[in-house]
1. Can you match P(r) over Cα pairs in 5 Å bins from 0, in percent to one of these, (i) 3, 14, 22, 20, 14, 9, 6, 5, 3, 2, 1, 1, 0; (ii) 3, 15, 30, 30, 15, 5, 1, 0; (iii) 3, 13, 18, 23, 20, 16, 6, 1, based on a calculation from the structure here?
2. Under a cut-off of 13 Å between alpha-carbon atoms, report the aspartates and glutamates in cross-link reach of K38, not counting same-chain residues fewer than 8 places apart.
3. Calculated from DSSP H runs of 4 or more alone, at -39500 (n - 2.57) each and per residue, what is the 222 nm mean residue ellipticity of the chain, nearest 500?
4. Can you tell which of A18, A51, A64 shows the greatest fluctuation in a Gaussian network model of the chain with Cα springs below 10 Å?
5. FRET efficiency for K57 and H78, Cβ-Cβ distance as r, R0 = 22 Å, nearest 0.05?
6. So for each of 37-48, 19-30 I average, over its residues, the number of other beta carbons within 10 Å; can you give me the resulting order with the highest mean first?
Amino acid sequence: MASNIFSRRSNVQPIIYAYELPNDSSKANQLKVGYSAKGSALKRIKEQIGATRMKFKILLEEQAIRSDGSNFLDHEVH
């Protein structure tokens, strides 16, 4: 008889990322921090920037998973 003591782990692999907008002088020395559970930082940043086609540089892209296996959000990084 199978026991469901432990819940199944989600297939979602959330990521946390940070990027800069090097050609936007109003954002000089600022980092944008984000979270995505739907794909790569590149994909999510392109969604955020949209049709502006601003240049950006990804500085960090890591799994948003603590050592105990729980997830964290970008709000916790801010």
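Values quoted throughout were computed directly from the atomic coordinates according to the rules given, and no laboratory measurement underlies them. Keep in mind that what you see is a predicted model, and the values were worked out from it rather than measured. With ideal geometry, Cβ positions are generated from the backbone for all residues, glycine too; neighbour counts draw on all protein chains shown.
1. (i)
2. Within reach: E47.
3. Using -39500 (n - 2.57) per qualifying helix, the result is -4000 deg cm²/dmol.
4. For the chain, modelled as a Gaussian network with Cα springs under 10 Å, the answer is A51.
5. Once rounded, the FRET efficiency stands at 0.65.
6. Packing order, densest peptide first, comes out as 37-48, 19-30.
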